[in-house]
Structure formats: C-alpha cells, structure tokens
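What follows is a set of notes on a single structure, which appears directly below.
The values are calculated or read from the model by the stated rules, or taken from the named source; none is laboratory data. Predicted model only: the values in this text are computed from it and were never measured. Backbone-built Cβ (ideal geometry, glycine too); neighbour counts: all protein chains shown. Heavy atoms of the whole protein, side chains included, go into the accessibility calculation; ligands, DNA and RNA do not. Shrake-Rupley method; radii C 1.70, N 1.55, O 1.52, S 1.80 Å.
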Amino acid sequence: MQQVPQQKAVLVLEDGSVHYGKAFGKVGTTTGELCFNTGMTGYQEVFTDPSYYGQVIIMNSVHIGNYGVKDQDVESDSVKVRGIISRNLEEQFSRRLAKGSLDEYLKENNIVAIEGVDTRALTAKVRTKGAMNCIISSEIFDITELKAQLSKVPSMAGLELASVVSTNEAYEMGDPASVIRVAVLDYGVKRHILQCMVDRGAFVRVYPAKTSFEELQQFRPDGYFISNGPGDPAPMDYAVSTVQDILKTEKPLFGICLGHQLLALANGIPTFKMHHGHRGLNHPVKNLITGKCEITTQNHGFGVDPEAVRKADHIEITHVNLNDHSIEGIRVKGKPAFSVQYHPESTPGPHDSRYLFDDFMDMIRSSKN
C-alpha cells in the first residue's frame, strides 16, 4: 500500500527563528510557552498533566508514541499541553495493552504537533535563552502572519491558570468510612496524586480552586492537600488567603509544586519565574533531614525565592535540587505543614519520593491522637 506523505508544519519562536518539520496529530495552529521535558518515558502522563496547561512541550526522547496510549496512563480527563515538538512522533506502536496510536489520540484531543525537528538544538536554545513563546502551524505557512499571531500570546508571568483547569464541582475518592479525611484544593491535581492518598487509606474530597475555607471545613477534614497546577502563583491571592486560614487550624497540610509555592507565599516568601524551569523524571533532590538523595519527577516554571527562605526564621528548608540548588522542600516550624516542589507520585517512575505520602498520613494520625 502506498504511504500518504505527511503534511508539512512550521515552528516559529519568539526570538524570530523558524523551524520546519512534518505535521502530526491535528492539522491546525497552536501557541504557548516553549519548554522541554527530559523524561525518556511517560509521554501520555506528561501530555495530560494539568500543570502543562498553556505550554508547548519539546520531548527530549528521540521516539515518542512507540508504545501507544491507554486510559490508565492519563493524569486528567484530557490532553492539557497546547502543542508537542519531537524528533520522531510514532504512529505505529508495539504495546499489546495499548488502546490506540498517539496520532489518533492527539487528533481526538485537537492537539497540533510537529516532528522532524532538531530537538537537541531547540532544547539548547531554551537552556541558553530561557523559556519563550512559540507557534506551531500545519495550515499557515506565511511566516509574517505567524509572527503576528505569536506577538499576541501573553507571557506566562502573571497568568492565573489554576482556576481554568480546576474541577467545576467537588468529587470524592476512597472509602467514606475511612478514619482519615483529606480536603484537596484542586489547582490542577493529577489523578495519581489522589490515588497515592487513597491507596494509603484516605478518603479525599476534591474541591474547585476558589472554594472558600468555610466550605472546606464542612467536610470536617483531618488534613488538607494543596495541589500542583499551571501558571504563576503570585496572582493567586484567593489561594494564599485559604492556605493562611488552613494554617491557623493547626491541622496537617501538604503541598506539591504550585501548592509548595502557595505555602511559601502564605508565609511571606515570594516566588519568581525561573529561567527555563524543571521538567522531567530524572532531577536529583537531596532530603536534608535524612541525607538521602532521590530521583524526582518535576514540572514547574516558577520557584520559591531561595534567599527569602533562608532568611525566614519560621521556615525550614527540607529539600534542595542538586543541579541548581533551588528550594525543593520546606516545612513551617511549629506547625504540621510541609511542601515539596516536585511530584512524589512519580508516574511513571521512579518511585523514590512516595514516602512523602506516608509522612502525610502519619502526620494526620499523630494529630488525631
């Protein structure tokens, strides 16, 4: 059977550079902040992570799509990335358990992608020049027009996106009869994070981003979880206020990624937009309490101000990144509240950091006793 030639596609960066490749997924045009992911596997988990909302992802693995897709690998109800860039996007797959191909999956989710691009060069550019906006198109090839559209794309700095990806209505997971009840503020929570708490015996109720503290209290939670999510934490005054109210209850609080940044803001520690962020499954982090190093899953473009944390008498640094010494974990002195910048559910792996969910459950049990 004669193979149908792929449609061409073009990628234009904010710095004016132009890259040509082949179309994959939906034929169309998309824009977003350009960033790169260093993971060698877990592409479906990446694409469905709400923390990637508004971003176009450079996938550093040479082949993406070679094991297809399946329902169990998703982190949310749809693909959340705005676009995908890869050296090779594979329509054929070889996993018996797969439900279908990546190409079909991206078309179903209306995701524009480009392959045949030198992703090593692109990643080197982002590492050197920092995160920047970009546009991908497989339908418009007038570079002037594409640059005009790109000029209208807002910077990620200052964007409040958590409420956009949050659930519209509260929902529950786990056994309602459980002695551990956790209220989850959904700023873009991943399904496997919730599952990690349910697997440890928690009954969780997940709330929309702008739920009031008074409504959270009606659930009579034993602990509070502040989730990961996309965008800039600085404009999220509503979330910072809620976290401050939670801290006054003296009940255990655990924050991840955006939740880590919100805990910092609630304690007077500012955040900042990183040069190019951390995204991948292989970032080394040292636990300063135990002295052990763990290989972590990360996805964030904002961080907690290191100098402000070190000067804060009421905050203890618990984890640091061994690549750039950024702040990866904190806890509030005198309160059962802690957070990490990375994702300890670590899907698809490694699972070095899942002990943090055990720590959270132990903290809740201790507070109940």
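Scanning segment 331-351 for residues that are part of a loop (DSSP other than H, G, I, E, B) and under 18 Å from the mean Cα position of the chain (by Cα) yields GLN341, TYR342, PRO344, GLU345, SER346, THR347, PRO348, GLY349, PRO350, HIS351. May I ask you to verify whether GLU294 is in contact with an Asp or Glu (Cβ under 8 Å, 6 or more places away or on another chain), among the charged types (D, E, K, R) and more than 21 Å from VAL126 (Cβ to Cβ)? Considered against the rule, which asks whether it is in contact with an Asp or Glu (Cβ under 8 Å, 6 or more places away or on another chain), among the charged types (D, E, K, R) and more than 21 Å from VAL126 (Cβ to Cβ), GLU294 comes out as yes.
Under the condition of being within 27 Å of GLU250 (Cβ to Cβ) and of a type in the set (D, E, K, R), which residue from segment 342-369 is least open to solvent (accessible area, probe 1.4 Å)? Top of the filtered list is GLU345.
Quick check, is VAL309 crowded, with 17+ Cβ neighbours inside 10 Å, under 21 Å from the mean Cα position of the chain (by Cα), touching a residue at least 12 places away in the same chain (Cβ under 8 Å) and outside any loop (DSSP other than H, G, I, E, B)? Criteria not met by VAL309.
All told, ILE364 meets the bar of being more than 30 Å from VAL56 (Cα to Cα) and of a type in the set (A, V, I, L, M). Only one of the numbered conditions (1) more than 21 Å from the chain's Cα centre (by Cα); (2) surrounded by fewer than 20 Cβ atoms within 10 Å (Cβ to Cβ) is violated by ALA202, and that is (2).
Please go through segment 93-120 and give me each residue that is charged (D, E, K, R), part of a loop (DSSP other than H, G, I, E, B) and in contact with an Asp or Glu (Cβ under 7 Å, 6 or more places away or on another chain), ordered by number. Answer for segment 93-120, where residues must be charged (D, E, K, R), part of a loop (DSSP other than H, G, I, E, B) and in contact with an Asp or Glu (Cβ under 7 Å, 6 or more places away or on another chain): just LYS99. With respect to the numbered conditions (1) within 30 Å of ARG127 (Cβ to Cβ); (2) of a type in the set (D, E, K, R); (3) open to solvent by 10 Å² or more (accessible area, probe 1.4 Å); (4) part of a strand (DSSP E or B), which one is the sole condition not fulfilled by GLU328? Among (1) within 30 Å of ARG127 (Cβ to Cβ); (2) of a type in the set (D, E, K, R); (3) open to solvent by 10 Å² or more (accessible area, probe 1.4 Å); (4) part of a strand (DSSP E or B), GLU328 violates only (3). Of the numbered criteria (1) open to solvent by 20 Å² or more (accessible area, probe 1.4 Å); (2) touching a residue at least 12 places away in the same chain (Cβ under 8 Å); (3) not in a strand (DSSP E or B), the one THR290 fails is (2).
Tally the residues that are touching a residue at least 40 places away in the same chain (Cβ under 8 Å) and of a type in the set (Lys, Arg), restricting the search to segment 313-335. The qualifying residues number 1.
Selection over segment 152-172 of residues that are hydroxyl-bearing (Ser, Thr, Tyr) and out of contact with any strand residue (DSSP E or B) (no Cβ under 9 Å at 6 or more places or on another chain) gives a count of 1. Got at least one residue in segment 226-236 being more than 30 Å from PHE47 (Cβ to Cβ) and either in contact with a helix residue (DSSP H, G or I) (Cβ under 8 Å, 6 or more places away or on another chain) or open to solvent by 30 Å² or more (accessible area, probe 1.4 Å) (or both)? Looking through segment 226-236, none of the residues is more than 30 Å from PHE47 (Cβ to Cβ) and either in contact with a helix residue (DSSP H, G or I) (Cβ under 8 Å, 6 or more places away or on another chain) or open to solvent by 30 Å² or more (accessible area, probe 1.4 Å) (or both). Do you know which of the residues in segment 23-79 that are in a loop (DSSP other than H, G, I, E, B), under 23 Å from GLY349 (Cβ atoms) and open to solvent by less than 10 Å² (accessible area, probe 1.4 Å) is modelled with the lowest pLDDT? The qualifying residue modelled with the lowest pLDDT is GLY39.
Please verify whether ALA121 is open to solvent by 10 Å² or more (accessible area, probe 1.4 Å), over 23 Å from ARG191 (Cβ atoms) and more than 22 Å from the chain's Cα centre (by Cα), treating the condition exactly as stated.
It is true that ALA121 is open to solvent by 10 Å² or more (accessible area, probe 1.4 Å), over 23 Å from ARG191 (Cβ atoms) and more than 22 Å from the chain's Cα centre (by Cα).
Annotation: of all residues in segment 139-162 being in a loop (DSSP other than H, G, I, E, B) and among the hydroxyl-bearing types (Ser, Thr, Tyr), the one that is nearest to VAL240 (Cα to Cα) is SER155.
Of everything in segment 167-192 that is aliphatic (A, V, I, L, M) and either open to solvent by 30 Å² or more (accessible area, probe 1.4 Å) or assigned to a loop (DSSP other than H, G, I, E, B) (or both), the residue that is nearest to SER227 (Cα to Cα) is VAL189.
On inspection, GLY268 does not qualify as part of a strand (DSSP E or B) and closer than 24 Å to THR242 by Cα.
If you go through segment 229-248 and keep only what is aliphatic (A, V, I, L, M) and within 21 Å of the chain's Cα centre (by Cα), you end up with ALA234, MET236, ALA239, VAL240, VAL243. Outside any helix (DSSP H, G or I), open to solvent by less than 30 Å² (accessible area, probe 1.4 Å), aromatic (Phe, Trp, Tyr) and on the phi < 0 side of the Ramachandran plot - does that describe any residue in segment 208-215? For segment 208-215, residues outside any helix (DSSP H, G or I), open to solvent by less than 30 Å² (accessible area, probe 1.4 Å), aromatic (Phe, Trp, Tyr) and on the phi < 0 side of the Ramachandran plot: absent.
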